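Here the structure is laid out as structure tokens; the discussion comes afterwards.
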Amino acid sequence: MSKNKNIYIAVSLIPLIFLVKILGRFPQFVEDHYSNGVYPVLSSIERYVFGWLPFSFGDLVYAGAIIIIIRWLLRNRRRFFKDTKGWFIEVFAVITIIYLAFHIFWGMNYYRQPLHVTLNIQDEYTSEELLDLTNRLIDKVNGIQEELASNDSTEVVMPYSKNEMLKRAPEGYEVLKQQYPHLEYHPRSVKRSLFSIPLTYMGFSGYLNPLTNEAQVDGLIPAYKFPTTTCHEIAHQLGYAAENEANFVGGLAAIHNPDRHFQYSGYAFALRHCLNEIFRRDEQLFNDYMEKV
């Protein structure tokens, strides 16, 4: 790109940020025109284009981008001192393009209506309601565990390979869409990450590539976590950007999956979050509840 064009692009970052923040003040507008308008079309096209590939094209894009960035930095290391202004202009021009692409293809979902608003449910609850739900989840987890593992103290072993679980995960969304049509998931594009080893070291279980709308799952995480992690990443694909909302939708999808092993993973996932909240409120009560699990 020419220097003048780089300047125009770099300077446009500031108004772009303001535009995004202004749109973020109108969540219903974003919900109607982006999350339920532009985004479903864009994401479906991306999944049609890349979903059929047996590997993550987005991971290759990331790898290529890292190589290009390192190469550019090495080639322009001296220029940083000789032409500092031009160096920063190019950097901010690239940042502007990435920022724009991110928000067009997925990022505006951060500014949609909160999930509890669109589902018309309360987002606050009492400690009594939390404990009641936790007790019911403990009964569910222990009951399914005894069913699948003969007793409530034996580990539940997933009978499927991780590739099989990737294929089975959308079945929960097939059930959910009967009540919530906006949770229909098609076409599919969920894959094992090519970067599972570094992901594991960094503590990430999965991620969504916003530019290709491919959901990637760390292939090295424990098998019992794999169903809910996969469902969580699919929730991101459906436009639920906030982690807590993707947790909620993904957990529901796992629980509503026809497969009992997926249900076990979903209930255990929900129970873990409830126990974490109990710990935050009352550590002694948390210890009491841990004895029931």
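Hey, can you tell me all the residues within the range 200-209 that are of a type in the set (Ser, Thr, Tyr) and part of a strand (DSSP E or B)?
First, pick out the residues of the range 200-209 that are of a type in the set (Ser, Thr, Tyr): 200-201, 205, 207.
Across the range 200-209, the qualifying residue is only TYR207.
Of VAL61, VAL91, VAL41, which residue is surrounded by 13 or more Cβ atoms within 10 Å (Cβ to Cβ) and within 28 Å of LEU238 (Cβ to Cβ)?
Values: VAL91 fails: within 28 Å of LEU238 (Cβ to Cβ); VAL41 fails: surrounded by 13 or more Cβ atoms within 10 Å (Cβ to Cβ).
Residue meeting the stated conditions: VAL61.
Within the range 12-25, is there a residue that is more than 30 Å from GLN237 (Cβ to Cβ) and either assigned by TED's automatic domain parsing to the domain that holds PHE102 or surrounded by 14 or more Cβ atoms within 10 Å (Cβ to Cβ) (or both)? Before you say what the answer is, go through the steps one by one.
Going through the range 12-25, the residues more than 30 Å from GLN237 (Cβ to Cβ) turn out to be 14.
From what is left, the residues that are either assigned by TED's automatic domain parsing to the domain that holds PHE102 or surrounded by 14 or more Cβ atoms within 10 Å (Cβ to Cβ) (or both) are 14.
There is at least one residue in the range 12-25 that is more than 30 Å from GLN237 (Cβ to Cβ) and either assigned by TED's automatic domain parsing to the domain that holds PHE102 or surrounded by 14 or more Cβ atoms within 10 Å (Cβ to Cβ) (or both).
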Next on the checklist: Six or more apart or on different chains, Cβ atoms under 9 Å: show the pairs whose first residue is in the range 118-145 and within 20 Å of ASN244 (Cβ to Cβ) and touching a residue at least 24 places away in the same chain (Cβ under 8 Å) and whose second is in a helix (DSSP H, G or I) and among the charged types (D, E, K, R).
Outcome noted: THR118/GLU31; SER127/ARG281; LEU130/GLU277; LEU130/ARG281; THR134/GLU277
Checklist entry - Residues of the range 232-271 being within 22 Å of PRO159 (Cα to Cα), assigned to a helix (DSSP H, G or I) and acidic (Asp, Glu), which ones? => result GLU233
Next on the checklist: Residues that are in contact with a Cys (Cβ under 9 Å, 6 or more places away or on another chain): list the helices (runs of 4 or more DSSP H) wholly contained in the range 53-149 that include at least 3 such residues.
Outcome noted: 127-149
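Give LEU166, LEU194, LEU211 a once-over and let me know the one that is closer than 20 Å to TYR39 by Cα, touching a residue at least 60 places away in the same chain (Cβ under 8 Å) and among the aliphatic types (A, V, I, L, M).
LEU211
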Item to check | Extreme residue, surrounded by the fewest Cβ atoms within 10 Å (Cβ to Cβ), among residues of the range 169-191 that are without any contact (Cβ under 8 Å) to a residue 12 or more places away in the chain and among the charged types (D, E, K, R) | outcome: GLU184
Checklist entry - How about the range 27-37: which of its residues are among the hydrophobic types (A, V, I, L, M, F, W, C) and in contact (Cβ under 8 Å) with a residue 40 or more places away in the chain? => result VAL30
Checklist outcome for this item: The condition from (1) in contact with a Leu (Cβ under 8 Å, 6 or more places away or on another chain); (2) of a type outside the set (A, V, I, L, M); (3) in a loop (DSSP other than H, G, I, E, B) that CYS274 misses is numbered (3)
Checklist outcome for this item: By residue number, the members of the range 182-199 that are over 14 Å from the mean Cα position of the chain (by Cα), farther than 17 Å from PRO40 by Cβ and in a loop (DSSP other than H, G, I, E, B) are LEU194, PHE195
Checklist entry - Has the range 108-120 got at least one residue that is outside the structural domain of ALA242 (by TED's automatic domain parsing) and over 30 Å from GLN237 (Cα atoms)? => result no
Item to check | Residue identified as under 16 Å from the mean Cα position of the chain (by Cα) and either not in a helix (DSSP H, G or I) or not assigned by TED's automatic domain parsing to the domain that holds LYS177 (or both) among THR212, THR229 | outcome: THR212
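With the structure loaded, tell me whether GLY219 is assigned to a helix (DSSP H, G or I) and surrounded by 12 or more Cβ atoms within 10 Å (Cβ to Cβ) or whether it fails that test.
Numbers: assigned to a helix (DSSP H, G or I): no; surrounded by 12 or more Cβ atoms within 10 Å (Cβ to Cβ): yes.
No: the conditions fail for GLY219.
The values are calculated or read from the model by the stated rules, or taken from the named source; none is laboratory data. Values in this document were obtained by computation on a predicted structure and should not be read as measured data. Glycine also receives a Cβ, built like all others from the backbone with ideal geometry; neighbour counts cover every protein chain displayed.
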